[in-house]
1. Checking ASP19 against (1) at pLDDT 90 or above; (2) among the acidic types (Asp, Glu); (3) not in a strand (DSSP E or B), only one condition comes out false. Which one?
2. If you go through the stretch 45-60 one residue at a time, do you hit one that is of a type in the set (Gly, Ala, Ser) and either within 18 Å of VAL120 (Cβ to Cβ) or touching a residue at least 40 places away in the same chain (Cβ under 8 Å) (or both)?
3. Could you look through the stretch 97-137, keep only residues that are charged (D, E, K, R) and in a strand (DSSP E or B), and pick out the one that is modelled with the lowest pLDDT?
4. Can you tell me which residues in the stretch 89-108 are closer than 25 Å to GLN52 by Cβ and surrounded by 15 or more Cβ atoms within 10 Å (Cβ to Cβ)?
Amino acid sequence: MNNRTAYDESIDLSQFDPDYQRAELNNGQLGQDIPDGQYLVSVEEARLGRTQSTGKPMLSWTLRILGPTAQDRLLWKHRVISDKTLAWVKQELAACGLVLEKFSDLPRRLPELRALEITVVKRTRDGRYDIYFQRGRRQAPEMDEELPF
């Protein structure tokens, strides 16, 4: 019999036992316990994929709340790309400061959205929430970058 384990035995998780016992399951309603409202978020990821049911292209966003309410919590936004939703996609990208000459440039330009700070509004209707982009601003330049003054 193989004595190898599927985990690193040097990792001791016992310190988390009390918090784990107190943690409540959210019954699959991710984002539901984050109150509706306006949030400053950072774009953790913006990626292109396909819907599971139809295979249509989809733009998916992972947004980290910067606070103070719900700080470090995640929100997700998914926008299927079709002729009926293209105007919405264009509006959302423009709110993020990403204006494309050709839509086909989007895949190579997506990395520009990483770490973008943007104000969003979370609204819930009929048990489902949606995210609406308000306006964005870029992160401050890194300290090793040359400042303009």
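1. Of the numbered conditions (1) at pLDDT 90 or above; (2) among the acidic types (Asp, Glu); (3) not in a strand (DSSP E or B), the odd one out for ASP19 is (1).
2. Yes, the stretch 45-60 contains at least one residue that is of a type in the set (Gly, Ala, Ser) and either within 18 Å of VAL120 (Cβ to Cβ) or touching a residue at least 40 places away in the same chain (Cβ under 8 Å) (or both).
3. Looking at residues that are charged (D, E, K, R) and in a strand (DSSP E or B), I get ARG137.
4. VAL89, GLU92, LEU93, LEU106
The values are calculated or read from the model by the stated rules, or taken from the named source; none is laboratory data. Just so it is clear, the model here is predicted, and its values are computed rather than measured. In this analysis, Cβ positions are derived from the backbone assuming ideal geometry, glycine residues included, and neighbour counts consider all displayed protein chains.
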